[in-house]
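This report refers to the structure that appears directly beneath it.
The values are calculated or read from the model by the stated rules, or taken from the named source; none is laboratory data. Predicted model only: the values in this text are computed from it and were never measured. Every residue, glycine as well, gets a Cβ built from its backbone with ideal geometry; the counts of neighbours run over all protein chains shown.
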Amino acid sequence: MKKVQAIIIGGGSAGLSAAVTLKKNGIEDILVIEKDEEPGGILEQCIHNGFGLHTFKEQLSGPAYAERFIRMAEEQNVRILLNTMVTKLTADRVVEYVNPEEGTVQVQADAVILAVGCYERPRGGINITGTRPAGIYTAGQAQRYLNIDGYMVGKRVFILGSGDIGLIMARRMTLEGAKVVGVAELMPYSNGLPRNMKQCLEDFNIPLYLSHTVTEVFGKDRLEKIEMMEVDENRNPIPGTEQDIDVDTLLLSVGLIPENHLADQAGIKMDPSTKGPFVDDRYMTSVEGIFACGNGLHVHDLVDYVTLQAAKAAEGAVSYLQNGKPQGEPLRIQNGNQVSYCVPSQFYPQDPAEKVTVYFRVRTPLDKGTLVIRSGDKIIRSVKKRKLVPSVMEEALLLKKDMEGLTEPITIEIAEE
Amino acid sequence: MVKELVCVNCPLGCRLTVEVENDQVISVSGNSCPRGEEYAKSECIRPARILTTTVRIEGAIHRVLPVITEREIPLDMVMEAMDAVRGIHVKAPVKVGDVIAADLLGTGVNLVAARSMDRV
């Protein structure tokens with residue numbers, strides 16, 4: 001069997017950043033495996049601007065952001081296999097892939113970095129009743145058809161879910177001449193970034209229906225209309241609020257889920273709150289030598305954070321390749337009041353990483369609150385916060401001295417006022 | 001008069017408080033960078049946005065090339081700009097930053113390629 005020091009699965013924003021970081025740290029024998037015909041991942045279809053203000057101090061479009069990393073990978077002579085699908089991952093780090101040139105190949109890696117991205121929750125995941133006509137797409141699928149393949153998917157459009165891709169597609173379809181009739185959001189607040197509420201909906205007078213959902217679709221060959229209903233505080237449709245809307249296209253922007261079948265296959269322990277793997281303060285999963293980062297770990301709202309996190313995971317892999325596993329037994333970093341998830345979710349009190357940024361999200365919008373980081377009764381740090389919303393990822397910083405010698409798990413929580 | 005705005009420059013989405021008197025911006029607060037102040041001023045006078053879309057491309061890996069305006073153009077000209085851009089066809093190869101349409105609709109802003117595409 002062929003052997004390689006490190007394999008990175010996925011050549012998108014996370015995979016490219018991880019690859020460049022490995023090379024810069026002297027890990028030469030690496031392989032990036034990408035299923036698409038070119039590297040760059042989902043950024044290639046995100047043609048809107050707003051990427052890179054943290055990483056490059058510039059406002060770039062998605063493809064321009066990707067191109068910078070593709071160039072860096074080229075300069076570092078990163079080997080990227082395109083049109084190549086990973087079909088198997090084992091706990092002892094054997095990666096099986098398939099492509100048209102080589103057929104099925106197995107490679108043994110000393111370290112594996114999962115940079116596999118996420119997928120969109122499909123219609124089947126939200127149980128809309130009715131027929132099965134053409135014209136129902138996930139927002140990202142429509143985005144790919146329009147921005148990469150150059151096809152419009154419809155003329156009169158309704159969007160279910162106020163996730164960012166849905167909002168961005170509302171604007172994009174409007175610019176291309178479609179009529180976007182409205183956006184329905186199940187929750188009483190928007191799930192998109194505030195800037196997208198402004199520049200994608202308000203700029204084009206597209207109505208947003210909060211606490212509403214699509215309950216049925218109609219049409220034989222092509223979608224003809226949808227039924228929208230208002231929902232109560234338990235998210236159940238309220239009888240009598242049915243409203244029919246004539247549209248030929250329904251876009252679903254109802255959630256992103258880390259792609260996790262390879263992690264499952266390798267027996268990696270999964271975190272039910274992120275639906276991605278549990279990782280420690282070096283981004284190593286529960287299986288030794290397998291690391292995870294990017295949207296395949298938890299869904300981010302900024303690519304800049306994906307880039308940073310993937311570099312951290314690559315540094316974790318470098319440390320593992322050079323020094324092996326951290327010393328001692330790990331302790332949990334766990335969700336406290338109002339916190340829906342924390343990543344990373346483990347640390348090593350006898351051998352902590354230098355500096356760990358814990359990413360978390362709040363459960364419901366809060367005007368103000370105090371972020372409290374504690375271990376048992378000991379308060380490590382507390383920071384006042386304003387305007388906390390579930391759609392915006394928050395950070396909690398842990399320094400080496402904060403973690404060193406702790407005997408109880410760390411809890412990240414919001415003290416409400 | 002005090003206006004509350006959300007800055008659209010980057011995903012931080014800073015919430016800006018703008019004090020306006022007689023169509024003049026007196027003060028801007030809540031921004032975390034100078035772009036926020038510029039945004040607040042233009043938003044209160046004539047809102048402007050970066051436009052991103054695609055143009056047809058021949059001889060490349062894909063049928064369309066993503067394009068972007070180098071700077072903001074007035075929001076009220078965005079639909080007209082889309083009509084102007086719709087007719088543009090380009091041929092590969094294209095390099096990121098290549099000018100696809102100079103001085104779009106007399107705005108003084110160039111429309112440029114958002115990525116490179118080789119000839120295939």
Query raised in the report: Say we look at region A:147-164 and pick out the residues that are within 13 Å of chain B (Cβ to nearest Cβ) and outside any loop (DSSP other than H, G, I, E, B); which of these is nearest to residue B:64 (Cα to Cα)?
Result: A:147
Query raised in the report: Mind checking which residues of region A:36-81 are within 28 Å of residue A:103 (Cα to Cα), of a type in the set (Asp, Glu) and not in a loop (DSSP other than H, G, I, E, B)?
Result: A:44, A:74
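Residue-by-condition table, conditions (1) surrounded by fewer than 24 Cβ atoms within 10 Å (Cβ to Cβ); (2) of a type in the set (Val, Ile, Thr); (3) within 22 Å of residue B:77 (Cβ to Cβ); (4) more than 14 Å from every other protein chain (Cβ to nearest Cβ):
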| residue | (1), (2), (3), (4) |
| --- | --- |
| A:175 | yes, no, yes, no |
| A:183 | no, yes, no, yes |
| A:187 | yes, no, no, yes |
| A:194 | yes, no, no, no |
| A:218 | yes, no, no, yes |
Query raised in the report: Right, residue A:187: assigned by TED's automatic domain parsing to the domain that holds residue A:136 and either closer than 30 Å to residue A:91 by Cα or in a loop (DSSP other than H, G, I, E, B) (or both) or not?
Result: yes
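So that you can scan it fast, the table gives a plain yes or no per residue for (1) over 27 Å from residue B:30 (Cβ atoms); (2) aliphatic (A, V, I, L, M):
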residue	(1), (2)
A:346	yes, no
A:349	yes, no
A:379	yes, yes
A:388	no, yes
Query raised in the report: How about region B:24-59: which of its residues are more than 11 Å from chain A (Cβ to nearest Cβ), hydrophobic (A, V, I, L, M, F, W, C) and assigned to a loop (DSSP other than H, G, I, E, B)?
Result: none
Report summary line: Reported set for region B:55-76 where residues are surrounded by 19 or more Cβ atoms within 10 Å (Cβ to Cβ) and out of contact with any Lys or Arg (no Cβ under 9 Å at 6 or more places or on another chain) is B:62, B:67, B:68
Report summary line: Checked against (1) more than 23 Å from residue A:296 (Cβ to Cβ); (2) surrounded by 16 or more Cβ atoms within 10 Å (Cβ to Cβ), residue A:120 satisfies every condition except (1)
Query raised in the report: So residue B:71 fits all but one of (1) among the basic types (Lys, Arg); (2) assigned by TED's automatic domain parsing to the domain that holds residue B:13; (3) part of a loop (DSSP other than H, G, I, E, B); what number is the exception?
Result: (2)
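Criterion first (in contact with a Ser or Thr (Cβ under 9 Å, 6 or more places away or on another chain), within 14 Å of chain B (Cβ to nearest Cβ) and among the aliphatic types (A, V, I, L, M)) does residue A:210 satisfy it? Write out each step before concluding.
On the way: in contact with a Ser or Thr (Cβ under 9 Å, 6 or more places away or on another chain): yes; within 14 Å of chain B (Cβ to nearest Cβ): no; among the aliphatic types (A, V, I, L, M): yes.
No: the conditions fail for residue A:210.
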